Amino acid sequence: MSNTAAPVLSVQNLRVSFDTQDGTVRAVDDISFDVYAGETICIVGESGSGKSVMAGSIMRLNNSSTATTEGKILVNGIDVLTASEEEVRGIRGSEVAMIFQDPMSALNPYFTIGKQIAEAYVVHHPGASKREVHDVVLAMMIKVGIPSPEKRIDEYPHQFSGGMRQRIVIAIALVNNPKILIADEPTTALDVTVQAQILDLMMSLQKEFGMTIILITHDLGVVAEVAQDVIVMYAGHIVEQSHVDALFHSPTHPYSWGLLGSVASYGANKRGDLYTISGSPPSLISLPAGCAFHPRCVHSKGSGNACMTVQPKLRDVGTDGSRSACHLTDDVLISIGRGSDRS
Amino acid sequence: MFLFVVRRLFFAVVLLLAVSVFTYLLFALLPTDPAALSCGIHCKPETVLANRIRLGYDKPILEQYWHFLRGIFVGRDYGFGQTAFSCPAPSLGYSFNQHACVTALIGETFPVTAFLAIGAFVLWMIIGIGVGAIAALNKGKWQDRFATGFAAVGVSLPTFYIGLLVLFSVVIWFQILPFPSYESPLDNFSAFITAMILPWLVLAVLSAASYTRLTRNGMLEAMNEDFVRLGVAKGLRLRVILSRYVMRQALIPIVTIAGLDFAGLLGGAIITESVFSLPGMGRMSIRAVVDSDLPVLVGTTMVAAVFIVLANVIVDITYGFLDPRVRVS
Amino acid sequence: MSSDVALQAVDLVKHFPTGSKGLLGRPDKSVRAVDGVSFTLRKGKTLGIVGESGCGKSTLARVVTRLIEPTSGNILLDGVDITKTSGKDLRNMRRQMQMIFQDPVSSLNPRHSVGQIIAMPLRVQGLLDEEHSNERVKELMKLVGLNPEHFNRYPHEFSGGQRQRIGIARSLALNPTVIVADEPVSALDVSVQAQILNLLERLQSDLGLSMIFIAHDLSVVRHIADDVAVMYLGKIVEIGPAEEVYASPAHPYTKALLSAVPIHDPSERGGPGRIRLQGDVPSPIDPPSGCRFRTRCWKATDLCGAVEPPLQAEASGRVVACHFPEETPVSIGKSPE
């Protein structure tokens, strides 16, 4: 993150809330981060952490009638949140593209896949000839590894398997060579062998196209496979932002410790209790005061009342660029983070 | 797809046959004697008997049915010698009350019903889908509340009540239009329009209500689909997303119901025709019920059944065109 | 049959009729969801069944518990064939074998209180009067880590993990000996998954349960299973002690499946010998001849298309259905960390 170039994406003090019958859901609460060209950044968190809502805001996809969005999201110097509809449409699909979780429902069932890829190209290349569009679509289908593309270009989504559909969604996303690709749980709905294929494909296409990937996932295995930088989200906040090696080897937030502990021991072929985080994530309508994680945190008693009253700010911890939002002192965070038994 | 169409048509024919058997048998089982009804109250027993033979009601019920069925394809002759007359194919029987072939009676009344149905249908699709779409695009705002209210009121108000109310207010109190008196559009087009405008509007506005609801809910549901989100993420214009993504999905259930509603209307808009005294098939059916004019009832029932079965087939085939998941498997 | 066997499946088959052709539209094909599956569940142990979607593992769970009838084959519960039982015997069988479902939301009746839900099996079986069942419900709630005071609450008042605990309590109400758990943690968040896995392990050792644990997540199965069976297109391709299967898979599919599991540490990235399968799983309506995996297997020869490899024991003691199994060490070495 010691990049001197301007970020391709800058999220500044983003807050997103939804009005519901039960009250105001604060899905994203004051988060800021920068993303630089060509990097792969993973945003990891459990359900309700706000990661998908945050991703939706980058392209202004959230329902504007119920969602209230504050802050700034700068793409190419344009603030997506205040830009005109025309400007945002110019960014969507061209500067920033998106892959969704469920390939079974992400494609329009009423049109051939050729038409759907072409549509994404034509909207940003209005002058393109039919011939050119056809060639672009075929080339894209080949790039994402769809066998016999000449035949399959005229088929409908339901004639494809889940993995193949996700490849088509990727083809749609990359057809305009975007600078940023947002992938929202792109492999969660897929089987492991297909997940491996899709992750490989995304990584090799990143090499070819050079785009930045923002990958949203709940799966730390996927993070370990592809990420350079990782943002850990909990209850609408960023609790840790670290380089991937730092996160896995010396995480600096109690929530990260718990998350890693919950899965890390799967890898070992031993039975025995998994480390668990007690309780469950809080309601976003009535978040706990202070640090949102404190009711589930085994360390919160050790540092007085600050955890219950003051919301911790994201700050640099240690020397490897990690940032953490925790009231524990740097020394404590580093020494527990490096230790094998973080509980 | 071809096989699908053939199979659908085959079942449609089987279904129509079954409908004809049931209607015919049901009416044959009624206690009324069509031969006695055919010549009034002061009828001599000999005349009744003669009529019975002439109309074929002396034969066993299955044979009667066979003659009826045959008549549809080759026409039918009644009686012998001087009193003989015939109804050409497709013959649906002979009404002694009205002294006319049922087919000819339907031929006279059906155009009225068809004009009513087509006009009302076009109007109600425009109103229903239009208002529904406006509501969906303005969810939660006053347009939406108005549309939802309109749908609730429209669905719950009965045609005969609103029909009479409109008739009284427009024609009798405010005298904006003359009392509707039907004329064929070929003879007097402006009189035709004057007579039809009120029934069209009443039928359209009341039927549109359920389409408003369907369109609104279908569109709102479609707007939450992932593929619509992907459409937005592609950078498509709102207009394109609405037509190619949202409406395409929302219209599918509407096509089904619209097809069946329209077919039902072609079988006779009984209440509307009666309220506005339009000489259509619906009003004729009602009169036939009152007069126990069984041949006319069998005929109109069959015609209505044909429309409904046909509409079902057409809806199914349209489905295949609208949804590739049905067409290509 | 030896006495340490809790449940045995012999050549289980489940075909679902599908497709329609001809004027009358009769089904003319069948989905061969489970196509000749045999396994043994040892008493007090956990048999993990893994495989990708469409491999038939969930159908297998439903067949084994007789929620659906097998097309053919036998299920021996404690040595008694339960495929033909009905009436009272079937009720007794259901007492011995209970199921835990994947979705803790849809498997609980939203209009019943937690107490009613957990007591339902007792009522259905006519085992307890109102008063005693309340005691039992509270006992069960305590057992699965729920607050017994909450027995009057409704499912929507609980979190996902707690709802799965309710489902577990319900399945334990009749003191079953065998539990069939179909993807019990896959709908849960990671931190909650770990809680439920720990609970299942604790209950198993405390109550001496035998468990069939079905999951697509190989890491979860590795953690909890003693034995593991790997399914592909309706058949078991490899079965054996979990440690051995994970440390040195003998079937190429097992090897590929394990190698597709994401790594647990970024420093392992780009490690050697990762296998990437091409293509997708073929349709279970018309599976490939011979070995069903041959269309995606890098070792396949003509023999694989002609002859279906039987599930048989290798020299190492592993049971595998492959003409060209991977080399496996005869003695089990230390597994890599």
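With the cut-off at 23 Å, report for region B:106-328 the share of all Cα pairs above it, as a whole percent. Could you put the intermediate results ahead of the total?
On the way: 13798 of 24753 pairs.
Every Cα pair in region B:106-328 considered, those over 23 Å come to 56 percent.
Net charge of the neighbourhood of A:MET141, taken over other residues with C-beta under 13 Å away and scored Lys/Arg +1, Asp/Glu -1, is +2. Between the beta carbons of B:ALA100 and B:HIS67, assuming R0 = 25 Å, the FRET efficiency works out to 0.85 to the nearest 0.05.
Provide Rg over Rh for region B:1-150; use the alpha carbon set for both Rg and the Kirkwood Rh (inverse mean inverse pair distance). With Rg and the Kirkwood Rh in hand, the quotient comes to 1.21. Figure legend: label point modelled 7 angstrom from the Cα of B:LEU30 along Cα→Cβ; residues of region B:299-322 with amide N under 12 Å from it are B:299-301. Note on chain A: Cα-only Rg and Dmax are 21.1, 69 Å. Candidate cross-link partners of C:LYS138 among the aspartates and glutamates, defined by an alpha-carbon separation under 17 Å and a same-chain spacing of 8 or more, comprise C:ASP129, C:GLU130, C:GLU149. For a straight C-alpha distance cut-off of 23 angstrom, the lysines reachable from B:LYS44 (same-chain residues fewer than eight places away being disregarded) are B:LYS59.
Other protein chain C-beta atoms within 10 Å of residue C-beta, averaged over A:274-282: 6. The Cα atoms of region A:123-181 define a convex hull whose projected area, averaged across directions, is 4.4 nm². Stokes-Einstein, applied to the Kirkwood radius of the protein assembly as shown over Cα pairs at a viscosity of 0.692 mPa s and 37 °C, places its translational diffusion at 97 µm² s⁻¹. Of the cross-linked pairs C:LYS29/C:LYS235; A:LYS115/A:LYS143; A:LYS143/A:LYS207; A:LYS143/A:LYS179; C:LYS14/C:LYS57; A:LYS207/C:LYS299, those separated by over 23 Å at the C-alpha level are A:LYS207/C:LYS299. Once the Cα atoms are used to define both axes, helix C:130-143 deviates from the longest principal axis of chain C by about 50 degrees. Among residues other than A:SER94 with Cβ under 12 Å from its Cβ, the summed charge is +2 (Lys and Arg +1, Asp and Glu -1).
Region C:77-115 and region B:185-239 have Cα centres separated by 50 Å. Relative protection proxy for A:142-154, C:63-75, from highest mean packing down: C:63-75, A:142-154 (other beta-carbon atoms within 10 angstrom).
Think of chain B as a dipole: +1 on every Lys or Arg Cβ, -1 on every Asp or Glu Cβ, centred on the Cα centre; then among B:ALA208, B:ALA269, B:GLY280, B:ALA208 lies furthest on the positive end.
Summing charges over neighbours of C:ASP286, with a neighbour being any other residue whose Cβ is under 10 Å away from its Cβ, gives +2 when K and R count +1 and D and E count -1.
Shown is the FRET efficiency for A:GLU150 and A:ALA83, computed with R0 = 30 Å from the Cβ-Cβ distance and rounded to the nearest 0.05: 0.15.
Evaluating 6.51 cos²θ - 1.76 cosθ + 1.60 at θ = phi - 60° for every residue in region B:58-68, the Karplus couplings come out as 7, 6, x, 4, 5, 5, 4, 4, 4, 5, 4 Hz, glycine and proline recorded as x.
Normalised by residue number, the volume inside the convex hull of the Cα atoms of region A:35-131 is 162 Å³ per residue. Here the calculated FRET efficiency for C:LEU127 and C:SER106, from their Cβ-Cβ distance with R0 = 22 Å, stands at 0.25, rounded to the nearest 0.05.
State the Kirkwood hydrodynamic radius of region A:27-89 in Å, one decimal place, computed from all pairs of distinct Cα atoms.
Details: mean 1/r = 0.0772 Å⁻¹.
About 13.0 Å for region A:27-89.
Can you pull out the GluC sites (Glu not before Pro) in region A:164-261 that DSSP calls coil and that have at most 10 other Cβ atoms within 10 Å?
Working: sites: A:GLU208, A:GLU225, A:GLU240; in loops: none.
Nothing satisfies the criteria.
A cut-off of 5 Å between modelled amide H atoms, ignoring neighbours fewer than 5 places along the same chain, links A:GLU155 with A:ILE113, A:GLY114.
Using a probe radius of 1.4 angstrom, the carbon and sulfur fraction of the accessible surface of the protein assembly as shown is 58%. In the context of the full set of protein chains, residues of chain B present 51 Å² of accessible surface per residue (probe radius 1.4 Å, heavy atoms only).
Between B:TRP173 and A:THR309, the distance separating the two model label sites (each 7 Å from Cα on the Cα→Cβ line) works out to 7.1 nm. Interface residues of region C:229-272, defined as those losing at least 50 Å² of solvent-accessible heavy-atom surface relative to the isolated chain (probe radius 1.4 Å), are listed as C:ALA260, C:PRO262, C:HIS264, C:PRO266, C:ARG269.
What is the Cα centroid distance between region C:251-281 and region A:1-46, reported in whole angstrom? Taking the Cα centre of region A:1-46 as reference, the centre of region C:251-281 is 32 Å away. For C:MET231, the residues whose amide H sits under 5 Å from its own are C:VAL50, C:GLY51, C:VAL237, ignoring neighbours fewer than 5 places away on the same chain, with H placed 1.01 Å from N.
Database remark: amide H of C:THR83 closer than 5 angstrom to the amide H of C:ILE75 (H placed geometrically; neighbours at sequence offset of 5 or more, or on other chains; Pro and chain starts carry no H). Here the Karplus relation 6.51 cos²θ - 1.76 cosθ + 1.60, evaluated at θ = phi - 60°, turns the backbone of region C:290-302 into coupling constants of x, 6, 6, 8, 4, 5, 10, 8, 7, 9, 4, 10, 4 Hz, with x for every Gly and Pro. Applied to region B:140-152, the Karplus parametrisation 6.51 cos²θ - 1.76 cosθ + 1.60 on θ = phi - 60° returns per-residue 3J(HN,Hα) values of x, 8, 5, 4, 5, 5, 4, 5, 5, x, 4, 4, 5 Hz, with x for Gly and Pro. Farthest towards the positive end of the charge dipole of region A:9-227, among the residues A:THR217, A:VAL133, A:LEU81, is the Cα of A:VAL133, using unit charges on the Cβ of Lys, Arg, Asp and Glu.
The values are calculated or read from the model by the stated rules, or taken from the named source; none is laboratory data. For clarity, every value in this text was computed on a predicted model and none was experimentally measured. Counting neighbours? That spans all protein chains shown, and the Cβs are built from the backbone with ideal geometry, glycine included. Surface areas here come from the heavy atoms of the whole protein model, side chains and all, with no ligands, DNA or RNA. Shrake-Rupley method; radii C 1.70, N 1.55, O 1.52, S 1.80 Å.
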